[in-house]
1. How high is the FRET efficiency from Ser526 to Gln213, r the C-beta distance, R0 22 Å, rounded to 0.05?
2. Can you tell me what share of the DSSP beta bridges in the chain is antiparallel? A percent to the nearest 5 is fine.
3. Show Leu448, Leu117 ordered by accessible area, largest first, where the area counts protein heavy atoms only and the probe is 1.4 Å.
4. In nm, to one decimal, how far is the modelled label at Lys121 from the one at Thr331, with both set 7 Å along Cα→Cβ?
5. Please give the length that would be gained between Ala444 and Asp264 if that part of the chain were fully extended, namely 0.36 nm times their separation in residues minus their C-alpha to C-alpha distance (nm, one decimal).
6. Over the chain, average the accessible area per residue using a 1.4 Å probe and give it in Å², no decimals.
7. Ignoring any ligand, DNA or RNA, what whole percent of the accessible area of the stretch 1-104 comes from carbon and sulfur when the probe is 1.4 angstrom?
8. Would you work out if the stretch 366-502 is rounded, prolate or oblate? Take a ≥ b ≥ c from the square roots of the eigenvalues of the alpha-carbon gyration tensor; rounded if a/c is under 1.5, else prolate when a/b is larger than b/c, oblate otherwise.
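The values are calculated or read from the model by the stated rules, or taken from the named source; none is laboratory data. Treat the numbers as computed from the prediction; the structure is a model and nothing was measured. Neighbour counts are summed over all protein chains in view; Cβ atoms, including those assigned to glycine, are modelled from backbone coordinates with ideal geometry. For the accessible areas, the whole protein counts, side chains as well, though only heavy atoms, and no ligand, DNA or RNA atoms are used. Shrake-Rupley method; radii C 1.70, N 1.55, O 1.52, S 1.80 Å.
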Amino acid sequence: MFRNTNPSGTLAWHNLRNHFEEMEYVKMQDLFESQTDRVAKMHVSWNDFLFDYSKNKITDKTITLLLDLAREMGLPSAIESLFQGDKINLTENRSVLHTALRDFSDQPIVVDGKNVLEEIKDARNRIKNFSNAFTSGAFKGSTAKTFTDVINIGIGGSDLGPRMVVNALECYRNAVQVHFISNVDDDHTESLLRKLDPETTLVIVVSKTFTTQETIQNAQKVKKWLLEGIADSSCENHFVAVSSNVDEAVKFGISQNNVFPMWDYVGGRFSLWSSVGLSISLAVGYDNFEKLLKGANQMDQHLKTAPLEKNIPVLMAMLSIWYNNFYGYETEALVPYCQFLEKFPAHLQQMIMESNGKNRNRDGYPVNYQTGTIIWGEVGVNAQHAFFQLFHQGTKIIPVDFIGFVKPFSKEKGNHDILMSNFFGQTEALLNGKVGVNYQSDAAPDFLKPYKEFAGNKPTNTLLIDQLTPESLGSLIALYEHKVFIQGFIWNIFSFDQFGVEYGKKLASSIQSELKMQQIDRHDSSTQFLLEYYLSKRELL
Ligand code: F6P
């Protein structure tokens with residue numbers, strides 16, 4: 001079990017604070033000038049990944065001190081605890097074993113006297129058999145028609161991960177169209193259903209608890225649509241569920257044989273590797289799904305075995321702590337130069353902010369330092385034309401992860417070079433800015449020059465990956481999962497519960513009853529005013 005150590009009380013933290021005083025006003029431009037072997041030292045080549053972290057406000061000493069902090073906190077043994085299934089999710093008394101979902105070895109992982117790898121293997125086989133029957137057309141709808149569409153109904157971790165991967169693997173897709181319903185928004189659901197034929201649509205209801213109101217509500221609505229649309233009114237083949245609550249799924253009307261398992265040792269936001277990824281397997285075929293898992297497993301092996309100095313998730317996590325806890329930068333951005341990774345920032349927002357948005361330490365006391373970073377982003381180059389102005393000339397400093405790929409799918413190289421020129425050009429501009437010699441060379445009139453000056457010295461990480469494949473995508477997602485785990489561990493918080501979200505759900509459900517009864521209870525004056533306004537307007541419109 002993790003011990004409770006206040007990181008800010010460690011010797012390494014103290015040393016980092018002193019070091020920060022030396023570093024606060026140091027400019028990266030000068031560090032590059034004085035350290036000719038900077039890039040050679042500050043990059044990691046691993047598999048088909050190149051991680052260049054030289055464009056950060058760091059020296060060799062910073063890295064040494066950050067890794068001292070990781071060691072003093074006991075990170076290496078925490079990593080072992082994660083992989084061996086210790087109950088590190090203490091507040092829910094659970095192990096945290098998303099890594100076991102992509103473990104193809106024969107080394108048992110025992111939780112409560114049971115080797116979990118066996119049930120995971122069984123579930124993988126079920127996903128495989130189901131996907132193969134579905135893709136080959138052997139598994140048909142109840143009117144003997146081949147399926148053309150799949151709807152995944154789920155929210156949060158039961159939606160964002162699969163949705164992001166299905167999008168990302170567009171170039172590996174087979175003919176079936178996969179759609180996602182997450183929000184409890186009739187207008188959206190109905191507009192989708194209008195386009196689909198119930199006789200050729202398979203619905204997957206994904207909910208770990210099978211009690212999430214939005215998901216159940218949407219599932220009821222789609223079930224009604226199926227029952228009305230299928231002539232013989234038997235829609236058993238059209239409905240499958242993924243849940244750890246089999247009883248509820250069966251009560252809902254889904255045949256027990258059609259319920260794929262989930263387990264309490266897998267958190268929703270880390271669950272795309274389980275049956276929650278069924279829609280991925282249907283969209284790209286089981287073999288590609290397995291490659292995704294294997295890519296993630298390779299990153300797991302990297303985390304476990306690489307020395308901390310060459311360990312990409314460790315370095316990324318510690319750099320982020322450097323900015324969050326010493327420089328006081330509150331947000332981080334993520335800019336993938338790949339349209340297919342459009343949903344990646346949204347997936348990471350849940351993964352990072354639901355995990356590390358915590359203010360109590362592992363002793364239950366308020367923390368006296370900053371925890372969870374705010375993550376946001378958008379694909380490049382679109383982002384350049386939206387919010388990069390603030391990166392370059394705003395008053396806030398936002399460390400950015402740039403993610404790009406060497407090889408596109410298209411045979412036409414021209415546009416990819418344009419895309420990647422922007423990728424490289426932006427990190428260069430953020431580092432060097434446009435001052436001094438560069439600045440003088442600008443032909444602008446004198447009064448305009450201050451507005452055209454860029455100070456540079458803005459930190460970025462560059463992840464350059466050979467190509468977007470199921471394997472590299474698996475590794476990339478796992479990289480950020482590990483960053484989250486490491487940061488939560490160093491911040492001495494519990495990363496794997498989400499009690500904050502649950503309270504909001506309770507309030508929503510009592511407000512729902514009030515709206516139904518048209519009887520607003522006592523709330524704070526603002527909420528009461530808004531609810532009464534909504535109710536009166538609802539009657540009129
Ligand atoms: O938003 C809170 C949350 O519990 C997430 O952690 C989870 O991914 C989501 O709701 C959906 O939960 P379920 O899979 O149980 O429907």
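1. Computed FRET efficiency for Ser526 and Gln213: 0.40.
2. On the way: 14 of 46 bridges.
Around 30 percent antiparallel, to the nearest 5.
3. If we order Leu448, Leu117 from most to least accessible, we get Leu448, Leu117.
4. 4.8
5. 58.6 nm
6. Here the per-residue accessible area is 45 Å².
7. Its accessible area is 49 percent carbon and sulfur atoms.
8. Details: a/c = 2.83, a/b = 1.34, b/c = 2.12.
Oblate, since a/c reaches 1.5 and b/c is not below a/b.
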